[in-house]
Structures are given as C-alpha cells and as structure tokens.
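Structure first, commentary second.
The values are calculated or read from the model by the stated rules, or taken from the named source; none is laboratory data. The structure presented is a predicted model; accordingly, all values stated were derived computationally and were not measured. Ideal geometry is used to build each Cβ from the backbone, glycine not excepted, and the neighbour counts take in all protein chains shown. Ligands, DNA and RNA are stripped out before the accessible areas are found, and what is left, the full protein with its side chains, is counted by its heavy atoms. Shrake-Rupley method; radii C 1.70, N 1.55, O 1.52, S 1.80 Å.
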Amino acid sequence: MILYSYRRCPYAMRARMALKYANIEFEHREIELRNKPQSMLLVSPKGTVPVLCMGDEVLDQSVDIMRWAIDQSDPAGWGNVDDAIAQAWIEKNDGPFKALLDQYKYPNRFPELNQEAVLEQALQIMLLPMEQSLQATQYLLGDQMTWVDIAIFPFVRQFSMVDVNRFEQLPIPSTKRWLAQHLESELFNSVMHKHPVWRD
C-alpha cells in the first residue's frame with residue numbers, strides 16, 4: 001500500500017491521520033509539488049495529493065481515503081455520525097471555506113479583495129457556526145470525536161496560521177480550544193514527521 005502525500009497539504013493531513021488512527025501501514029511517498037513523480041501521475045492524472053494505491057485500486061480523494069480507513073478499523077467510533085450532517089460540514093469546509101482560506105492566505109493572488117472582508121466571510125460561513133456547535137458539545141457532532149473533526153481541523157489550522165495575532169483576537173474561544181486540542185494531539189504530531197522527497 002502506497003500513499004503519495006505532501007506534508008503541509010491539509011487534504012493529505014486528514015488522510016494520514018485517518019490511516020494512522022485505523023493502524024493501517026503504508027509506504028509514505030512525499031512528493032515535490034513542482035516535480036510530481038510520474039508514478040503518481042500515472043495512477044492519478046489530476047496530480048493532487050493524497051493518493052492511496054492498493055494494488056489495482058486507487059483512492060485519490062481525501063474523504064474517500066478517510067472513510068475507507070475507518071471502514072477497516074474504527075476503535076473510537078469516529079464513523080458513528082449522522083451522514084447528512086457530516087456531509088453538510090464537509091461540503092461547507094471543502095467548498096466556500098477552502099475558497100476563503102486561499103483568498104486569505106494568498107492576498108497577492110486576489111488584490112481586488114479586502115482581507116478584513118474575507119475574514120468576516122470566513123467567520124460567518126464557517127468559524128462562527130463551528131463556535132456555536134463547540135459551545136454546546138466538545139466536538140463538532142457531539143461529545144465524541146468523529147472523522148468530521150479530523151477532516152476540518154487541518155483547514156482551520158491553516159487559517160489560524162495566516163495571521164496568528166489576528167486569529168487570537170477572534171471571538172471564538174471554543175473553536176480555539178478545539179484547535180489547540182488537535183494541535184497537541186499525539187495523532188496529529190505522529191503524522192507530521194518530515195520525509196525525504198520520493199523520486200521515481
């Protein structure tokens with residue numbers, strides 16, 4: 001089993017975390033974004049990570065990898081979710097919030113946009129709804145961690161790092177607590193080791 005990955009990619013992070021959680025062993029192939037290996041492009045021409053190769057079967061969507069991993073082994077019940085609610089959170093994260101994250105992180109690519117306006121949109125679309133949920137329960141879908149928390153965490157992490165001081169000022173204490181818990185977790189830190197770049 002082979003996983004093509006990129007250390008800082010949030011999609012790859014959530015896939016690595018799910019595979020580690022499910023105790024699935026794989027060969028880690030760290031790619032270089034500017035020089036993607038042909039072996040990866042042959043099995044997944046879209047050229048994005050993560051890509052999980054299992055013999056003739058290839059999964060190249062991070063959520064598919066997460067779900068597959070949890071189907072193999074789910075020791076803490078990550079998969080015990082209302083699928084409709086889970087899907088709604090993932091669509092909001094991977095759709096509008098990811099677009100706003102890119103606009104916020106790369107302002108030079110979007111010179112026509114006002115950074116404070118982008119931040120406000122991100123708050124309204126994602127961060128404040130998260131805060132509301134996390135004030136009521138410890139995790140997004142209740143008092144038990146699920147795969148949805150793990151799927152969303154790397155994107156909130158990335159958002160928080162764009163302007164750390166500005167993020168600290170945001171009125172989302174429960175979300176910051178939730179983020180800190182994931183950042184300090186053994187699971188997250190275990191998948192963030194540096195790997196040499198894979199060459200075909």
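Okay, here's what the table says:
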quantity: Cα pair distances exceeding 12 angstrom across the range 43-102, given as percent; calculated: 75 percent
quantity: Solvent-accessible area of residue 33 with every protein chain in place, 1.4 Å probe, in Å² to the nearest 10; calculated: 90 Å²
quantity: Rh (Kirkwood; distinct C-alpha pairs) - the range 90-200, Å; calculated: 15.1 Å
quantity: Cross-link table 20/98; 20/194; 36/194, entries beyond 20 Å C-alpha to C-alpha; calculated: 20/98
quantity: GNM top mover of 48, 175, 137 - the chain, alpha-carbon springs below 10 Å; calculated: 137
quantity: Rg over Rh, two decimals, the chain (C-alpha only, Kirkwood Rh); calculated: 0.97
quantity: Total formal charge among the other residues, if their Cβ is under 15 angstrom from that of residue 182, Lys/Arg +1 and Asp/Glu -1; calculated: +3
